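K.L.:
Sharing a structure, written as structure tokens. Questions coming.
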Amino acid sequence: SLIYPVHRPMGVDTIELLRGGKRTVVLRLDAEKINVQDSPQIVNKPFYSSSGHILYQRDQGNEGVWALPFSAETGKATGEPFLVASGMGFPSVANDGTLIYAGLAGAGSGQLMLVTRDGRVERTLGEAQPQLDVGRFSPDGRRLLYVAAERQAPDVYVWSFDGDRVARLTNTPESEGEPTWIPGGARIGFSAPTKACRSVFAVNADGTGTRELL
């Protein structure tokens, strides 16, 4: 199953579930004010937790990380959403239930870092880059997806810890983002614009072949 946010210009955002070719609305939120050009959408970064919740980032009206009680078995919400961490975003949950998140701040250059669980910086990865957005570790823990804008628009990259090598997986003038590993580690999924909306694509993790519209 796939969980994803849907943004609509009229100011209605939803979190939806795609299962067996069928789309189901899990959560609907109405934006207080929408301006597609310079205002954030209301809900972003949904992340399923085995605790029985969908964690997500809310960007309008009580901003922060929120949790929606959710049954993976039925694919439906089981309660009302509640605030977990005010003013925070980018939630991710470990297999043992540990939640990490980041403070919401203005966009700028960022630096990839390896940090221990107690907050100690082990080392930096590469140079600082504009519009940097960290992605996910591969299932084997040896590669890391991230997004950066070496040119005008962000592209998807993969950092390999075997020799500290970097490969660009997308190379278009469009703005790609939200990279994630497809189970098995041979392919990745990401979002990119298509005409009037954004769509989900897949591409080989080694950079070969062409991208596939999902």
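K.L.:
Kindly indicate which of Ala167, Ala186 is in contact (Cβ under 8 Å) with a residue 40 or more places away in the chain, over 14 Å from the mean Cα position of the chain (by Cα) and open to solvent by 10 Å² or more (accessible area, probe 1.4 Å).
P.N.:
Numbers: Ala186 fails: in contact (Cβ under 8 Å) with a residue 40 or more places away in the chain.
Just one listed residue meets the conditions, Ala167.
K.L.:
Which of the numbered conditions does Thr24 fail, given that it passes all the others? Conditions: (1) open to solvent by 40 Å² or more (accessible area, probe 1.4 Å); (2) free of Cβ contacts under 8 Å to residues at least 60 places away in the same chain; (3) under 22 Å from Val134 (Cα atoms).
P.N.:
If we test Thr24 against (1) open to solvent by 40 Å² or more (accessible area, probe 1.4 Å); (2) free of Cβ contacts under 8 Å to residues at least 60 places away in the same chain; (3) under 22 Å from Val134 (Cα atoms), just (3) comes out false.
K.L.:
Among the numbered criteria (1) in a loop (DSSP other than H, G, I, E, B); (2) touching a Leu at 6+ places or on another chain (Cβ under 6 Å); (3) not basic (Lys, Arg), which one does Gly110 miss?
P.N.:
For Gly110, the exception is condition (1).
K.L.:
Continuing with the same structure: Kindly indicate which of Thr24, Thr98, Thr14 is polar (S, T, N, Q), modelled with pLDDT of 90 or more and farther than 25 Å from Ala192 by Cα. Before the answer, list the steps.
P.N.:
Details: Thr24 fails: farther than 25 Å from Ala192 by Cα; Thr14 fails: farther than 25 Å from Ala192 by Cα.
Being polar (S, T, N, Q), modelled with pLDDT of 90 or more and farther than 25 Å from Ala192 by Cα holds for just one of Thr24, Thr98, Thr14, which is Thr98.
K.L.:
Could you say which residue among Gly141, Gly61, Gly119 is touching an Asp or Glu at 6+ places or on another chain (Cβ under 7 Å), part of a loop (DSSP other than H, G, I, E, B) and over 21 Å from Leu18 (Cα atoms)?
P.N.:
On the way: Gly141 fails: touching an Asp or Glu at 6+ places or on another chain (Cβ under 7 Å); Gly119 fails: touching an Asp or Glu at 6+ places or on another chain (Cβ under 7 Å).
Only one candidate passes the filter, namely Gly61.
K.L.:
Could you please find all residues in region 189-214 being in contact (Cβ under 8 Å) with a residue 12 or more places away in the chain and of a type in the set (Val, Ile, Thr)?
P.N.:
Thr194, Val200, Val203
The values are calculated or read from the model by the stated rules, or taken from the named source; none is laboratory data. These numbers come from a predicted model, not from an experiment. A quick note on method: Cβ atoms are made from the backbone with ideal geometry, for glycine too, and the neighbour counts reach across all protein chains shown. Heavy atoms of the whole protein, side chains included, go into the accessibility calculation; ligands, DNA and RNA do not. Shrake-Rupley method; radii C 1.70, N 1.55, O 1.52, S 1.80 Å.
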